[in-house]
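Following: one structure in structure tokens, then a few remarks.
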Amino acid sequence: MTFSSLNLSIHGSRLLRHIQQLGKIGRDPGGQLTRLAASDNDKCGRDALIAWIKEAGLEAAVDRIGNIFGIWRAPSQEHQAPVLIGSHIDTVINAGVYDGCYGVLAGLEVIRTLREAGFTPSRPIAVAAFTNEEGVRYAPDMMGSLVYAGGLQATEALASVGTDGSVLGEELARIGYAGTEEPGFMKPHAYVELHIEQGPVLESMDIPIGAVENLQGISWQRVTIEGVANHAGTTPMPMRKDAGHAAARVITFLRDRAIHSQTPAVATVGCIRFEPDAINVIPSRATFTVDLRNPDEQSLQAEEAALDEYLTELANAEGVTITTERMARFEPVIFDAAIVGLVEAAARQRGLTSKRMTSGAGHDAQMMARICPAAIIFVPSIDGISHNPNEHTPEPDLVAGANVLLDVIADLAR
């Protein structure tokens, strides 16, 4: 008999209240929500989370990269691997209230509900809020979980220089979250992350639960095209070495290739800058980013190779010089089939339909999957909107997702 058959449910109003309370922390006078990693606003959010962890009767811990943990364990479980629930509470600029925060607060609510119900786990259960998941202020994104999983040394991460010139380690110390635990001090028995989908699939199909079975690989590059600046009115079109036009050709190439791909490939140019950036001057330089994603590693490599080949051809055709810089590269992740099955079973027992899915966004779960069985649970996002103040998931869906998480965690910790 699974624990879910005992008909236990989370305290829905308490979860929703915590989400709204955290969503008020970090708003500017205009109402925009921004809690960048290790900022003053992030400190306020962290302080609130620590207070709720202690209110729930959990042990609070912080590691050297600033990851926060709320741990429920008996003295006899001191050396046992915990079931870990996690996500993040840092945000993008002008954010919504659910991305990341929902997963952390739902994890806390799950543990609190189990404690209050007299559930006796066979191993510890913990909730984590990982540092700098968004990567807006410091690079790379998903930093806290990457360090925790051993993919990046803490000393290197702490030396990261932010977009504002700050140093992450110094900022964590300044706000009081340079912890003493070594990252990875608890190797999880399993890891589960609850998250809004950040896409339109579940809502469009009227399905309340996504059982995420894999996550797309991600390739980030910065491309620089060097041409020749010249007068926009006097230089004939065939005689130009126009870095701006070459950049436009790359963007069109990427879009056309992704649209006609036989795999669920996506390609995005999210940042672009021309120099000298004048209306009547042919651009001498174009600098832009390329974001390639694919759930299949071989297909992702093929897209990278196709881009490299096209850039070589383009440089010759346009008479420009093109260089690339690798910014980030993560292979696709296959999540644990047993945990994905538990998600489906929990949804079914709750009378909820579910769908196996691929995550198009990066999550801390992809880092934790390096060291333990892991999976993600999705709930619908209205219109697929995320990283936006209009980000919204209906309250019944938020509660339903937390209840599925409750059942999965109870099963893993029995």
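Labels on offer are (1) 21.3; (2) 27.6; (3) 24.5, and the one holding mean projected area of the Cα convex hull in nm² computed from this structure is (1). Here Trp52 sits with roughly 30 square angstrom of accessible surface, probe radius 1.4 Å. Here the relative contact order of segment 281-382, from alpha carbon pairs under 8 Å that lie six or more residues apart, stands at 24 percent. Distance between the modelled labels on Ala306 and Arg329, one decimal in nanometres: 1.9 nm (7 Å Cα→Cβ projection). Can you spot the lysines whose alpha carbon is less than 26 Å from Lys54's alpha carbon? Ignore those fewer than 8 places along the same chain. Counting by Cα, and skipping residues close in sequence, Lys54 has these lysines nearby: Lys24, Lys43, Lys187.
For the chain, give the percent of accessible area contributed by carbon and sulfur heavy atoms, probe 1.4 Å, rounded to a whole number. C and S fraction of accessible area: 51 percent.
Below 8 Å between Cα atoms, with a sequence gap of 6+, how large is the relative contact order for the chain in percent? Let's see the in-between values first.
On the way: 924 pairs, mean separation 96.3, N = 414.
Reported relative contact order: 23 percent.
With a 10 Å radius around each residue's Cβ, average the other Cβ atoms per peptide and rank 342-350, 234-242, 163-171, highest first. Walk me through the numbers on the way to the answer.
Numbers: 342-350: 21.0, 234-242: 12.4, 163-171: 15.6.
In decreasing order of mean packing, 342-350, 234-242, 163-171 become 342-350, 163-171, 234-242.
With the convex hull of its Cα atoms as the shape, segment 367-414 has an orientation-averaged projected area of 4.4 nm². Each part gets one Cα centre, and for segment 222-256 versus segment 342-402 those centres are 42 Å apart.
Taking the chain as a Gaussian network of alpha-carbon nodes connected by springs under 10 Å, the highest mean-square fluctuation of the residues Ala229, Ala247, Ala375 belongs to Ala229. For segment 217-330, a simple Cβ point-charge model (Lys and Arg +1, Asp and Glu -1, everything else neutral) yields a dipole of about 280 debye relative to the Cα centre.
Taken per residue, the accessible surface of the chain reaches 42 Å², heavy atoms only and a 1.4 Å probe.
Return the FRET efficiency for the residue pair Thr235, Thr353: r is the Cβ-Cβ distance, R0 is 41 Å, and the value is rounded to the nearest 0.05. Calculated transfer efficiency: 0.10.
Considering only Pro208, Ile225, Ala48, and ranking their Cα positions along the charge dipole of the chain that arises from unit charges at the beta-carbon of Lys, Arg, Asp and Glu, the one farthest toward the positive end is Ala48.
For segment 335-388, what is the relative contact order in percent, using Cα pairs closer than 8 Å and at least 6 residues apart in sequence? The value is 44 percent.
Our helix-only sum for the chain, with -39,500 (n - 2.57) per DSSP H run of n ≥ 4 divided by its residues, gives a mean residue ellipticity at 222 nm of -11000 deg cm²/dmol. Classify segment 142-240 as rounded, prolate or oblate from the Cα gyration tensor: take a ≥ b ≥ c as the square roots of its eigenvalues, call it rounded if a/c is under 1.5, otherwise prolate when a/b beats b/c and oblate if not. Since a/c reaches 1.5 but b/c is at least a/b, the shape of segment 142-240 is classed as oblate. Ordering Ser76, Thr353, Val290 by the projection of their Cα atoms onto the charge dipole of the chain, which places +1 on the Cβ of Lys and Arg and -1 on the Cβ of Asp and Glu, puts Ser76 at the extreme positive end. The calculated pair-distance distribution of segment 210-351 uses every alpha carbon pair, bins of 5 angstrom beginning at 0, and gives 2, 10, 16, 17, 14, 11, 9, 7, 5, 4, 3, 2, 1, 1, 0 percent. Let me make sure I get this right: for segment 1-111, a, b and c are the square roots of the gyration tensor eigenvalues over alpha carbons, sorted descending. Under 1.5 in a/c it's rounded, otherwise prolate if a/b > b/c, else oblate. Which is it? Oblate, since a/c reaches 1.5 and b/c is not below a/b. Averaging over all projection directions, the Cα-based convex hull of segment 108-191 occupies 6.6 nm² in the image plane.
Rolling a 1.4 Å probe across all protein chains gives Arg293 an accessible area of roughly 40 Å². Working note: Debye formula, equal point scatterers on the alpha-carbon atoms of segment 199-283, no solvent; log10 I(q)/I(0) at q = 0.13, 0.14 Å⁻¹ is -0.63, -0.69.
What is the ratio of the Cα radius of gyration of segment 202-242 to 2.2 N^0.38 Å, with N the residue count, to two decimals? If you can, show how the numbers build up before the last one.
Numbers: Rg = 23.5 Å, N = 41, 2.2 N^0.38 = 9.0 Å.
The reported ratio for this selection is 2.60.
Dipole magnitude of the chain about its Cα centre, charges +1 at Lys/Arg Cβ and -1 at Asp/Glu Cβ only, in debye to the nearest 20?
Working: 33 positive and 51 negative charges, 121 e Å.
So the magnitude is around 580 debye.
Using +1 on the beta carbon of Lys and Arg, -1 on that of Asp and Glu, and nothing else charged, what's the dipole of segment 103-155 about the Cα centre, debye to 20? The partial results should precede the final answer.
Details: 4 positive and 5 negative charges, 43 e Å.
For segment 103-155, the charge dipole is close to 200 debye.
Indicate, rounded to the nearest 5 percent, the antiparallel portion of the DSSP beta bridges found entirely in the chain.
Working: 43 of 64 bridges.
If we restrict to bridges inside the chain, about 65 percent are antiparallel.
Counting every alpha-carbon pair across segment 306-414, the share separated by more than 24 Å comes to 46%. In the complete set of protein chains, residue-level accessible area for Asp256 is approximately 70 Å², probe 1.4 angstrom. Take the Cα of Thr252, step 7 Å along the line toward its Cβ, and report every residue of segment 293-336 whose backbone nitrogen sits under 20 Å from that point. Residues 306-322 fall inside that zone.
Judged by the mean number of other Cβ atoms found within 10 Å, the most tightly packed of the peptides 91-101, 152-162 leads the ranking 91-101, 152-162.
The values are calculated or read from the model by the stated rules, or taken from the named source; none is laboratory data. Since we're looking at a predicted model, the values are computed, not measured. When we count neighbours, we look across all protein chains shown, and the Cβ atoms used for this are built from the backbone with ideal geometry, even at glycine. Ligands, DNA and RNA are stripped out before the accessible areas are found, and what is left, the full protein with its side chains, is counted by its heavy atoms. Shrake-Rupley method; radii C 1.70, N 1.55, O 1.52, S 1.80 Å.
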